[in-house]
Amino acid sequence: MKPQKQKSLNSMDVLAIMLSVVLIFLAVLHFYWSIFGIKDPAAVLPTHIESKTVKTPGKIMAALVGVILLGFAFVFINKVIGYISHPWLRYISIGIALVFIIRAFGDFKYVGFFKTAKNSKFSILDTKYYSPLCLLMGLLILILELLA
């Protein structure tokens, strides 16, 4: 019996693994929030402009976002291990990239680079960290799909 040759990782595989790790981390964070709650909601949830109250999506929605993020992670891990091979997976990846890029630009009110609500703790953190992360992930996914 001949030993199988192991596939070596190329730079696109490493990128896919890094994207998956970030997505899994974000999924675990959302699962944590759905089970234990959010310790500082003002830091991670948008605040209404008029009432200064934090929008709270609830535990089920946090868990649902975690499941969606895990699904996204599987799409990119699948690129490395090749568990499912189908041409439409490329379009799903591009769709995921567009979701992150659209999230980075935002809804022009509470989230994204062009938000009008800029006086809350969330908006400051969104401008510094959350929106740039979404834009970076979206662009990296496009690079992964268009150059691979």
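Values in this text are rule-based calculations from the coordinates and carry no lab data. No experiment lies behind these values; they were computed from the predicted model shown. Backbone-built Cβ (ideal geometry, glycine too); neighbour counts: all protein chains shown.
A few points about this structure:
- Relative contact order for the range 11-147, counting Cα pairs under 8 Å that sit 6 or more residues apart, in percent: 28
- Environment charge at S93 (Cβ cut-off 11 Å; Lys +1, Arg +1, Asp -1, Glu -1): +1
- Using R0 = 30 Å, the C-beta based FRET efficiency linking M61 and F105 works out to 0.85.
- Estimated [θ] at 222 nm from DSSP helical runs (n ≥ 4, -39500 (n - 2.57)) normalised by residues in the chain, nearest 500: -20500 deg cm²/dmol
- Distance-filtered residues of the range 57-82 - backbone nitrogen under 15 Å, label point 7 angstrom along S8 Cα→Cβ: none
- Ranking of K59, K39 by count of other Cβ atoms within 10 Å, fewest first: K39, K59
- Measuring between alpha carbons in the structure, the pairs from K39/K115; K55/K118; K55/K115; K59/K79 lying more than 22 angstrom apart are K39/K115; K59/K79.
- Which label in (1) 1.20; (2) 1.06; (3) 1.17 gives the computed Rg/Rh (Cα atoms, Kirkwood Rh): (2)
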